[in-house]
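The values are calculated or read from the model by the stated rules, or taken from the named source; none is laboratory data. None of the values given here were measured: they were computed from a predicted structure. Every residue, glycine as well, gets a Cβ built from its backbone with ideal geometry; the counts of neighbours run over all protein chains shown.
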Amino acid sequence: MGIQIAPSILSADFARLAEEAAAVSNADWLHVDVMDNHFVPNLTLGMPVVESLAKATDTPLDCHLMIEDPDRWAPGYVEAGASSVTFHVEACRAPIRTAREIRAKGARAAMALKPATAIEPYEDLLSELDMILIMTVEPGFGGQKFLEVCVPKIRRTRQLLDKHGLDLWIEIDGGVSADTIEQCAEAGADVFVAGSAVYAADDPNAMVEQLRILADQ
Ligand code: DX5
Ligand code: ZN
């Protein structure tokens, strides 16, 4: 499957999303943070913007839903053009049904865990998913400090997947930079979201390549 680098457009200029997507043409996926001001204390964008962005770029869209009631909304994001749709398990009432609906519509289904949420209670769900997103900051804002305390959870998740013979992606989101990416890769992650590290760089595409090289060692 290989390393995937997913710049987060949360750190981009929302008035110029198509250009900002084009500025990271080396990216494997484009990470789109959907926030509803309820699940997290911030408000970003929703389905109409995802639909327009999907038409404006060839890069697959990786939609991270930080919203209440993802059971209701997640399938619509596949129809809007997302290649992967991630729901937070803390907000989801029927994760298996929601994952099946996302997959049935043709996207990857992923489950996200906040820093304080353990993976072990969800062991039985793993076979229903394509990816686990492990948050390494509290969801809601870009530019926060990487929480090193989450790294053992990456390792435990990879061990659980190996135990069940499952080859899911493990995605890391929050505070990923040239300083923090290697320890995540070493622990078993293979998809890396980076917002501020990429968009604050002088050359965002060069930063994508640098992150890929560091993760691939
Ligand atoms: C935070 C979002 C992240 C955010 C990461 O809640 O889920 O995707 O964009 O931003 P950085 O990479 O700046 O921590
Ligand atoms: Zn995110």
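Only one residue in Lys163, Lys145 is without any contact (Cβ under 8 Å) to a residue 60 or more places away in the chain, away from ligand 1 (no atom under 15 Å from the Cβ) and of a type in the set (Lys, Arg), so which one is that?
Result: Lys163 is the single residue among Lys163, Lys145 that is without any contact (Cβ under 8 Å) to a residue 60 or more places away in the chain, away from ligand 1 (no atom under 15 Å from the Cβ) and of a type in the set (Lys, Arg).
Any residue that is touching a residue at least 60 places away in the same chain (Cβ under 8 Å), hydrophobic (A, V, I, L, M, F, W, C) and surrounded by 17 or more Cβ atoms within 10 Å (Cβ to Cβ) - is there at least one of those in the stretch 167-178?
So far as the stretch 167-178 goes, yes, one or more of its residues are touching a residue at least 60 places away in the same chain (Cβ under 8 Å), hydrophobic (A, V, I, L, M, F, W, C) and surrounded by 17 or more Cβ atoms within 10 Å (Cβ to Cβ).
Working carefully through the options Ile119, Ile102, find the one that is buried (at least 23 other Cβ atoms within 10 Å of the Cβ), at pLDDT 95 or above and of a type outside the set (Ser, Thr, Tyr).
Exactly one residue qualifies, and that residue is Ile102.
So which strands (runs of 3 or more DSSP E) are wholly in the stretch 1-118 and hold at least 3 residues that are closer than 15 Å to Pro139 by Cβ?
Once the strands (runs of 3 or more DSSP E) in the stretch 1-118 are filtered for at least 3 residues that are closer than 15 Å to Pro139 by Cβ, what remains is 30-35, 61-66, 84-88, 108-113.
Return a yes/no flag: does the stretch 12-24 have any residue that is buried (at least 18 other Cβ atoms within 10 Å of the Cβ), farther than 30 Å from Glu182 by Cβ and within 15 Å of ligand 2 (Cβ to nearest atom).
The answer is no, given that none of the residues of the stretch 12-24 is buried (at least 18 other Cβ atoms within 10 Å of the Cβ), farther than 30 Å from Glu182 by Cβ and within 15 Å of ligand 2 (Cβ to nearest atom).
Do we find that Ser8 is in contact (Cβ under 8 Å) with a residue 60 or more places away in the chain, of a type in the set (Gly, Ala, Ser) and out of contact with any strand residue (DSSP E or B) (no Cβ under 7 Å at 6 or more places or on another chain) in this structure?
So Ser8 fails the test.
How about the stretch 135-163: which of its residues are of a type in the set (Ser, Thr, Tyr) and either within 12 Å of ligand 2 (Cβ to nearest atom) or in a strand (DSSP E or B) (or both)?
Scanning the stretch 135-163 gives a single hit, Thr136.
Look at Ile172 and say whether it is at pLDDT 95 or above, within 27 Å of Glu101 (Cβ to Cβ) and within 16 Å of ligand 2 (Cβ to nearest atom).
So Ile172 fits the description; yes.
Quickly run through the stretch 184-217 and pick out the residues that are in contact with a Gly (Cβ under 6 Å, 6 or more places away or on another chain) and surrounded by 24 or more Cβ atoms within 10 Å (Cβ to Cβ).
Within the stretch 184-217, Gly195 is the sole residue that qualifies.
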